Structures are given as structure tokens and as C-alpha cells.
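Participant: I'd like to ask you about the structure that follows.
The values are calculated or read from the model by the stated rules, or taken from the named source; none is laboratory data. Model, not experiment: these values are computed from the prediction. Cβ atoms come from the backbone with ideal geometry, glycine included; neighbour counts cover every protein chain shown.
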Amino acid sequence: MRQITSSLSPGIAVFIVSLVSSSAPSPAAQAQATADPGASAEQETGRKTRAETLQEMREEKSRELSPESVSRWEARIRGWEETQFPRNWLVKGWNGFRPVFGGMPSGSGFVLGAGYIHGLAAQYFQAQANARFSTRGYTMLDGEAVFPPPQVGRRVELKFRAQYRDLTSLRFYGLGNDSSVESQSFYQLEDTLFGGYAWLNPRGLLSFAAEGGFLRAETSSGSEQPSVGDEFPAVEIPGFDAPRTDYSVVGGWVEFDVRDKWEDPQVGLVARITGLRYDDTVVNAFDFTRVVADVKGYVPLGPKSRILALRLRTSHSTADIGDAVPFYLMETLGGAKSIRGFNEFRFQDTRNLLVNVEYRWEVWTFADFAFFFDAGKVFADEEDFDFKDMHTGYGFGIRGHAPGDVTLRFDFAHSTEGFKLHISGGPSF
Amino acid sequence: MMSKKTCAFLLATLILGARQLPGQKFRTDDPIHADDDRLDTPQEPAHIRLSDAYDRFGHIFHDFGRSAIGSEAVNVNTLDEVPNSTWFTNRHSIKRMSVEELQRGPNRSAGPHPNETWTVFKGKSQGLTPGFEVRDGKGDRYVIKLDPVDIPELSSAAEVIATKIFYAIGYHVPENYIVRYHPDRFEIEPGTQVEDQFGDQSPLTRWRFRRMIRRVPRLSDGSMRLTASKYIPGIPIGPFRYHETRSDDPNDIFPHEDRRELRGLRLIAAWTNHDDTRAHNTQDTWVNENGKGYIQHYLLDFGSTFGSGSVDMQLPNLSFQYWLDLEQVKKNMVGFGFVVPPYRHVKWPEFPEYQAVGRWEGTYFDPEGWRNDYPNPAFVRMTPRDAFWAAKLIMSFTPEELQAIVETGEYSRPEWSQYFLKVLIERQQKCGRFGINGVNPLDELRVTETGLEFTNLSEKYGFVDDRTSYRVSWSIYNNAADTGEAIGEAATQKETRLSLPTGVLTTGEENLFLGVDIRSLHDDHPEWNKPVRVYLRRRGQSYQVVGIDRES
């Protein structure tokens, strides 16, 4: 004879029988127990139909019901979701009044401010005004209006912007590619801008924009020491301690864009050539023309989980004969968006050349890691436009990004001037 | 001290499965085909609202299920099937539905009539895809869903096709209709508010409504294609979780993670690429019927199925990994990009030609490796027996029936329907093979005049060749003592019909059953050597299959 055994161990079976026996008996079971005191609970259970047993279990549960609820933590998080915290808090604020973070030049320190935005959900235009302050003592007041708002598909984008900045301690290391970190000095830049642009077919394959504006700028000794004037003869630094200068600015750009997507692209190329003309309307000493070429390419290495991102950028500012390019309008190298192994504003001159190479790999849908290599130089003479004497840096980066290109970037970089950590928003390029 | 709730749980673990109650394995009413879980719940249950973030992150970092991984479902009957209940109603697999019935699905009418005026009484304007709710000429209320503005037909086709499939399988789903409606016919109910993407309410004017829908593509007659999802009956009381039970529902005695229909849903979701199978896409309603209240359980929102991601094409990584797949993240972090996530290898159909079908493919699809949004407690507990159950349901559809269902998606181009169907069948075959070959695949056991017949489902569906033979051993099973006595020697045969032993049982021996162990012998599937044990109860002069034990 072969025993057909149950898959339940005897110990567990006894345990369960005891549980069944200890639970409150049904009226039918009580009646049976009275009639046949020797009958065990399990025998009684065995005689019931399946439906009766299930019914009894439900009746049993019906006697111990309690209101269904969610845990305290879940309720709290749900509350945040209903108020759309922190998105509403940061984006919409209270009736449009909201805190603002960042938005000042790189190296400003932690920037916090307050602003008002109108038209977040509107169809035609969006406007905002902000006041920002940084831990380095900078102040910035700005306002802009965009037609149509960024979230709406468009064929043309119009933007008007007004901005006042008081940047009290900008770093300056001297002009030229051989400037020394030991020569760090500071100056104050106070400027006001009114401008705008019209961009046709933005983010299309080929787009064009025209821009123009008015810029007023003035420099002086910074709030930190030493000042530029202490470190460098003023005559060698065009524009330092010059009278307040007004500029009219006109220009535009042409862009060719074949990226697979605008945010976090994985394949394709975008190239932009920008031309700007600065006319000094007060001193008549700082008229110049700037041409910038910026090319970014994204090459998947096999599957798109590995991307080689490349950037080549060069800027050339040419002063009119007898004039100079003011130092505070020269483009700089160093910092989170150029050569990351160096401080912000580390190198500056009328011309520069920048190369960035990043090997990015996917870690999660919303996070990438990257190794990067940066190289760049500044120069004044057109003949130095080559890849010699480049300053280099390399490092490792962690990037978190969400839909809408809201990126938080941590870049750990090294160069001949040591290690740098950059925590910043937005993509490296 | 064990709580009564825990006692109930442990007892429930034993009840429908009918394995272990000492003294009697089978009850007189076994196998039950319906579990009447409509015990009166006179008090309206609490309305609960779950947190989306808590739901997503919670399941990533914690398993909310209480039963052990690998434990079996507890709400199956003695035939290892799911009885009908407020959770599930066996439909196509039990009584074949006609093509018309499959196409109709849950719909009980023709839907909101396009020639009637629909009155908008609720709206939301979030991003580019608006949503609103209307009341039709008969007063029925519908949630109106729109396709992504740049990809017409994507989510509406997916929603309706999935609805028909899930309904035919047995789940409770809302009535979903594809309707072509002229935007000029909409009326706005006075006082209607519209909610913007920040949750702010403002009056919905006709002008604003037109602005909301201005980018929705128009058909040649000026109408818009939209999906009308009818309000489900009863009072909505919130979603059900895929774990534990509701504390205020006396009928809810089986932990949800241990319900067969929720565990097996994993394979069905894999087939249909329903990656959004989470609590937020379910709904419980309190139904008051003939003065009796009870809770009915629904699956909702099939917009993120097949190649559709509801508001866009399905994201390429979803369905290949959890939205936050910690194992994959670890591999990626240390892999320096040389560990390529599986989804990166997938070749999708050509876009934009096949955008309306979305990211829908069958070549790279792996039912076992398929992932929904997060580790759903019921899904991670799916055992081979659960998968076998689900695979049978999946394979119950013929290609012709699936074609009829796909037609209800009303794709405007035949090549889209053809491609959709091709992938649906490819994935059906993969799911069927995975689920059916995972256990000894004998099923469809029935007593005929000539004996006990069964079907090797793997052979039936062409998943193996017909070289299977069967090792059979009979016994007499004593239901009162849970013991068995072998009859004769085990025999091996090729046929799928067994002659019943004669003269073994006589009428009146209520507790004696015939038992038969059937092992399938196939060189490619040594795991099939685990027996399917079948129990036969004498009914007059014949026998009835009363129980099936299937080892995982």
C-alpha cells in the first residue's frame, strides 16, 4: 500500500487545526458541539460544504471590520502630491510668487531669490520678474516675456528681456593663456540690459534668429581683495575703471539641428553660428564684433546606452581699429561648462577655443555617469588659433535628469591646478 | 497570540485549495465554480486614495506581500482553477464566446451616440493632451480620452483592444468605446471647472474648451476620434492594492498577493504589454444591488498597453525593466556602458510609419524577463501553476478571434492592424509556451464513456512534438483519512485516454475516490515527470473529476 501524503507537514496541520478551533465558533458549530461533545472542530469543519466554510470565514471577518485606511506616511505623501509639492512650490508658487534658485553667472555661489510668473498655463505668452541674491553678495533683477510660452509648440519665438546685475566680486586672473592662478583678483561689474530676439522655426532643422538690445556696463574694484587694479596696471586691462559705457547690440544666429531630441540627445549634431556687433555709444573706445561657432555632436557607441558627446566651440571678438574689447565682455574658460578642472573665469582673452569630450553611459532612465576630458585655450592673435598650448582637465560626472531637461550635475574634475567639484544645473553641453 | 485576521488568512490558505484539512480533502460541493463573495456590506466602505509616489517607490524598496515567495495561490478550487467572484468571471476559456461577443466585450450599448449633444461637466488641461468628462443624451457619464496629438489612434486602439482581451479573459473592466464626434456638438455645463497642470481650477468656457482641443487631429468630416470610457457601476471607493486585504470588506478574505487571478495577471500583462499594472489603475466600487451592498473590483485604464504609453509611444525601457530597476542600475553603474540594458537591443517597427502601433514587438519579448512598472507583490509571487493557469487563458484565443478583437481598435490602415495582430500572436505563443511548458502540461481532464481523457496542452499548441508518453498509476483515495492505496502496477502508455479500473468502487462509499497519477515523459522536459494527480468521485454509474493536484 502506498500512502498518498498531504503536502502539508503534520506539525503545521496541527497548528492550523488549533487555530481553527480557537477562532470563534459559528452558531452551527456551537450547536454541533453541544450535541456531540466529542466531535473535534476539524471534523465539524470537514462536514461543511466549501461554500459554507467560506461563508463562515466572511461572517467571522464581518465581526471585526475596521475602516480601510492608508498609512500615515502614505497619507502625508499623498498630501504632497495633491498640492503638487515641490513642483507647484517652485514653478508656480503662491499666485505666481515663487522662490527662484540660480540664474546668475557661474561662480556666484548659492543663489536664492523671489519672483513672480504669469502665464504658466496660458496659451499666448508668459512673463516673469525675479530678484536674486547670491552668497557672494551679488544682486540681479530680471524680467522677461516670451511669446508663445515654452510649453506650446511654435513656429516662432519672441523673447524680451530686461536685466540688472551687480556682481560685486568677479574673479579675474589676467589676460592671456599664461595667466597665473596666483594673480587672482576681483572686480565689480554693474550692468543693465534691455534686449530681445525673434527666433524662426526654433528647434527645427534649420532655424534663424535676430537679436538686439541695449547694454550699459560699469566696472570698479570688487568687494574682495586684491582688486584688479592692485594686481594689474589699469592700462593693460581694457575697460577697467573706464567710465560707464553703453552699447547697442545687434546680431543673430543660424542653427542647424539634427539631434534625435532636444533634451539629453543621444545621436545627432547641432551647430550654431552667432554674430554680434557691439557699438560703444558713450566712450567710442569699445566697438567690436564677435563671432561664435559652437558644434555639438552625439555619437552612440553601439547601442545608445553609451554615448560619445563632443563639443567644439570657438569665439572670436575683433575690435575695430583703435578700439579694444573690454575685458568684462570677453568670454572666459574654466568652470562647470568649459574646462572643469579650473576655476570659473580662469582664462580670458578676446578669442578662445574649447574642446569637450564626454563618454556618457546610462545608469538609469533618469541618471547617467560620464568620464570627461576638456581642453581649451584663450588667445588674442588670430594666428594662435590652433590646438597648441591647450589647458586640459579630466574627470568623472554624475547627472540626474528629468523630463524637461532639468539636470542636476555633479562633476569631479582634475587639472594642473588641482581637484574641483562642480554642482550645477543644466547639461554640460 | 495570533490575531483572528491571521487565523482567517491561514484558514483561507487551506480552504479553496482543499489540500490539508485533516479528515476530508474534498467537500460535497467540490469543485466550486463560484465563490459567492457578495456577503452584504451594508456600510459604505471608506474611500481611500493612494499615493502614486509611495506606491511606486514603496514596491521598489519593499515587498508588501506577506506570503513566502514560491507559495501557491490560495483562492483556487480543487481543480486548480479560479472560481467566479467579484474579482474575476471565467468567460471565454469556459464557454467560448462568439466573435460578436468578443468584439462587444464589456459594452452593453452602442456607447454615446455621435449625433447627440454631449455635455462637458469636468475638464483638465494638462500639457498638450487634454481630458474631460461628459454626459451623453441618455445621461450616462463618460471619461473622454484623446490620443497623443501627434500620434492619432495610438492609445485609443490600445485601450479598446486591451479592454476586449481582459474582459474575455475574465477581468472586470469598464465599457470603452471609440467614437467619432464633431467638436461643435459639445456643450459646456454651466459652472464647469477646468483644472490646469498645477491643479488650479478655473471656469471652463466654450472659448477655452476650443483652445483645449484645438490641436486634436480632425478627421475628414471635421470630427475627432476619441475614447469614451463609461463610468463603472457603483460608488468608487478607491483602488485595490496588489497586497493584503481590505479591512472593511468582509468578503475580502484572501490576501490579494495570493489571488491566482492577480498573480496570473502578470503573464497576461506581459502578453499585452500592460506595464502599468499597479494599484492606481484599479478601482473598487461599492455596488448596492437589491438592497445588498458589496465591493466589485475592476482593472482600469488600458492606455499604456501594447505599444502605447498613453500620452506617447511606450518608453523603450519599460516592460524590459522596472521603472527603477535596482539590479539593472547596479550593473549599469559598474559596467561603464559595456553592460547594455536588454531594451537597447530591440529593433522596433519603423517610425513614423508605425507610430500608431507604437513600440510593439514580439521578437525580443521574453515573458519571463518582462517587467511591469514595479515589483507588484502578486506578480513576484506568480508560480508555475499560476503561469499555467494564465497561459491556458491566453491560448484560448484563436488567431481568428484575436483578429476580430484587433479590428475593434479601428486602425485606419490595414497594415497597422496586420502588424499589431502578428505581434500579438507571436507574444501569445511565447507566453503560452512559457506557462504551459513550465509544469506537467496535462489538462482538459474529462470522464467519457471510454474512460478518463486528457490533453497534453503543449502538444495541442505545438510547443513540443508528439513524443510524450505517460506513466500512469491508479489508487483508491480515502477522503476521510487522506490516504491512498495503490491499485495494480504503474503502466506507461502513449494514448491520452485511460481506462477506468472496474469494480473498484461501489456506490455508497462516499469517501472513496479514484486517484490517478499521470507523469509525462518527454526527453526535452524532465520536469514534466512530476505527476498530475487527478481525483475522481463516483456519481451514480459514472465518475466526475473532482480534483487536480499539480506540482510546481
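Participant: If B:GLN296 passes every condition in (1) surrounded by fewer than 22 Cβ atoms within 10 Å (Cβ to Cβ); (2) in a loop (DSSP other than H, G, I, E, B) but one, which one does it miss?
Facilitator: (2)
Participant: Restrict the check to segment B:51-59 and report whether at least one residue is among the charged types (D, E, K, R) and at pLDDT 95 or above.
Facilitator: Taking every residue of segment B:51-59 in turn, none turns out to be among the charged types (D, E, K, R) and at pLDDT 95 or above.
Participant: Taking interchain pairs and intrachain pairs at least six residues apart, which have beta carbon atoms under 9 angstrom, with the first residue in segment A:72-88 and surrounded by 12 or more Cβ atoms within 10 Å (Cβ to Cβ) and the second assigned to a helix (DSSP H, G or I) and of a type in the set (Asp, Glu)?
Facilitator: Close Cβ pairs (under 9 Å, with a partner that is assigned to a helix (DSSP H, G or I) and of a type in the set (Asp, Glu)) amount to A:GLU74/B:ASP55; A:ILE77/B:ASP52; A:ARG78/B:ASP52; A:GLU81/B:ASP52.
Participant: Which of the residues belonging to segment B:327-337 are touching a Phe, Trp or Tyr at 6+ places or on another chain (Cβ under 8 Å) and of a type in the set (A, V, I, L, M, F, W, C)?
Facilitator: B:VAL329, B:MET333, B:PHE336
Participant: B:PRO375 - would you say it is within 14 Å of chain A (Cβ to nearest Cβ), touching a residue at least 12 places away in the same chain (Cβ under 8 Å), closer than 28 Å to B:ASN437 by Cα and of a type outside the set (Lys, Arg)?
Facilitator: no
Participant: Okay, next question. Just to be sure I understand, how many residues within segment B:43-69 are at the interface with chain A (Cβ under 9 Å from one of its Cβ atoms), hydrophobic (A, V, I, L, M, F, W, C) and not in a helix (DSSP H, G or I)?
Facilitator: Total meeting the criteria: 3.
Participant: Of the residues B:ASP30, B:ASP40, which is part of a loop (DSSP other than H, G, I, E, B), modelled with pLDDT of 50 or more and facing another protein chain (nearest Cβ under 7 Å)?
Facilitator: B:ASP30
Participant: Need a quick list: strands (runs of 3 or more DSSP E) entirely within segment A:96-176 having at least 1 residues that are within 21 Å of the chain's Cα centre (by Cα), hydrophobic (A, V, I, L, M, F, W, C) and more than 24 Å from A:PRO202 (Cβ to Cβ).
Facilitator: A:97-101, A:111-118, A:126-134, A:139-147
Participant: Right, another one. Every residue in segment A:292-312 that is out of contact with any helix residue (DSSP H, G or I) (no Cβ under 9 Å at 6 or more places or on another chain), within 12 Å of chain B (Cβ to nearest Cβ) and either more than 12 Å from A:TRP361 (Cα to Cα) or outside any strand (DSSP E or B) (or both), please.
Facilitator: Hit for segment A:292-312 is A:LEU301, nothing else.
Participant: Sticking with this one: Quick one: B:VAL329 ticks every box in (1) surrounded by fewer than 16 Cβ atoms within 10 Å (Cβ to Cβ); (2) in a helix (DSSP H, G or I); (3) facing chain A (nearest Cβ under 8 Å) bar one, so which box is it?
Facilitator: In the conditions (1) surrounded by fewer than 16 Cβ atoms within 10 Å (Cβ to Cβ); (2) in a helix (DSSP H, G or I); (3) facing chain A (nearest Cβ under 8 Å), B:VAL329 misses (1) alone.
Participant: Taking segment B:35-59 only, how many residues are over 22 Å from the mean Cα position of the chain (by Cα) and more than 25 Å from A:SER62 (Cβ to Cβ)?
Facilitator: Number satisfying all stated conditions: 5.
Participant: Have a look at A:THR49, A:THR83 and point out the one that is in contact with an Asp or Glu (Cβ under 6 Å, 6 or more places away or on another chain) and within 11 Å of another protein chain (Cβ to nearest Cβ).
Facilitator: A:THR49
Participant: Report the residue count in segment B:223-260 for those that are among the β-branched types (Val, Ile, Thr), outside any loop (DSSP other than H, G, I, E, B) and more than 13 Å from chain A (Cβ to nearest Cβ).
Facilitator: 2
Participant: Do you know which residues across segment B:209-222 are assigned to a loop (DSSP other than H, G, I, E, B) and either within 11 Å of chain A (Cβ to nearest Cβ) or closer than 17 Å to B:GLU133 by Cβ (or both)?
Facilitator: Within segment B:209-222, B:ARG214, B:ARG215, B:VAL216 qualify.
Here's the yes/no breakdown for (1) touching a Lys or Arg at 6+ places or on another chain (Cβ under 6 Å); (2) of a type outside the set (Val, Ile, Thr):
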| residue | (1), (2) |
| --- | --- |
| A:ALA293 | no, yes |
| A:LYS296 | yes, yes |
| A:HIS316 | yes, yes |
| A:ASP320 | no, yes |
| A:ALA324 | no, yes |
| A:THR332 | no, no |
| A:PHE371 | no, yes |
| A:LYS377 | no, yes |
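Participant: From (1) more than 17 Å from the chain's Cα centre (by Cα); (2) at pLDDT 95 or above; (3) farther than 30 Å from A:ARG78 by Cα, pick out the condition that doesn't hold for B:LYS95.
Facilitator: Among (1) more than 17 Å from the chain's Cα centre (by Cα); (2) at pLDDT 95 or above; (3) farther than 30 Å from A:ARG78 by Cα, the lone unmet condition for B:LYS95 is (2).
Residues checked against (1) at pLDDT 95 or above; (2) touching a His at 6+ places or on another chain (Cβ under 8 Å); (3) within 14 Å of chain A (Cβ to nearest Cβ):
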position: B:ASN290; (1), (2), (3): no, no, no
position: B:GLN296; (1), (2), (3): yes, yes, no
position: B:LEU299; (1), (2), (3): yes, yes, no
position: B:LEU318; (1), (2), (3): no, no, yes
position: B:MET333; (1), (2), (3): no, no, yes
position: B:GLY337; (1), (2), (3): no, no, yes
position: B:PRO352; (1), (2), (3): no, no, yes
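Participant: Hey, B:THR408 hits all of (1) of a type in the set (Val, Ile, Thr); (2) surrounded by fewer than 17 Cβ atoms within 10 Å (Cβ to Cβ); (3) more than 30 Å from B:SER71 (Cα to Cα) but one; which does it fall short on?
Facilitator: Single failed check for B:THR408: (2).
Participant: So, in segment A:89-113, of the ones that are crowded, with 18+ Cβ neighbours inside 10 Å and either without any contact (Cβ under 8 Å) to a residue 24 or more places away in the chain or of a type in the set (Ser, Thr, Tyr) (or both), which residue ends up nearest to the other protein chains (Cβ to nearest Cβ)?
Facilitator: A:ARG98
Participant: Let me ask something else about it. Run down B:GLN296, B:GLN314, B:GLN328 and say which single residue is in contact with a Ser or Thr (Cβ under 9 Å, 6 or more places away or on another chain), free of Cβ contacts under 8 Å to residues at least 60 places away in the same chain and not hydrophobic (A, V, I, L, M, F, W, C).
Facilitator: Checking each option against the conditions leaves just B:GLN314.
Participant: Identify all residues within segment B:496-509 that are modelled with pLDDT of 75 or more, assigned to a loop (DSSP other than H, G, I, E, B) and either within 14 Å of another protein chain (Cβ to nearest Cβ) or surrounded by 10 or more Cβ atoms within 10 Å (Cβ to Cβ) (or both); write none if there are none.
Facilitator: B:THR496, B:SER499, B:LEU500, B:PRO501
Participant: Can you tell which of A:ALA217, A:ALA198 is on the phi < 0 side of the Ramachandran plot, surrounded by 15 or more Cβ atoms within 10 Å (Cβ to Cβ) and more than 25 Å from the chain's Cα centre (by Cα)?
Facilitator: The match here is A:ALA217.
Participant: Tell me which residues, restricted to segment A:369-391, are part of a strand (DSSP E or B) and closer than 16 Å to A:LEU310 by Cα.
Facilitator: A:PHE369, A:ALA370, A:PHE371, A:PHE372, A:PHE373, A:ASP374, A:ALA375, A:GLY376
Participant: Let me ask something else about it. So is A:SER169 of a type outside the set (D, E, K, R), at pLDDT 95 or above and either surrounded by 17 or more Cβ atoms within 10 Å (Cβ to Cβ) or closer than 30 Å to B:ILE213 by Cβ (or both) or not?
Facilitator: Here the answer is no, as A:SER169 does not meet what is asked.
Conditions (1) buried (at least 20 other Cβ atoms within 10 Å of the Cβ); (2) touching a Pro at 6+ places or on another chain (Cβ under 9 Å), marked per residue:
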| site | (1), (2) |
| --- | --- |
| B:THR277 | yes, no |
| B:THR305 | yes, no |
| B:VAL311 | no, yes |
| B:TYR322 | yes, yes |
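Participant: Going by the conditions given, is A:TYR394 among the hydroxyl-bearing types (Ser, Thr, Tyr) and surrounded by fewer than 21 Cβ atoms within 10 Å (Cβ to Cβ)?
Facilitator: Yes.
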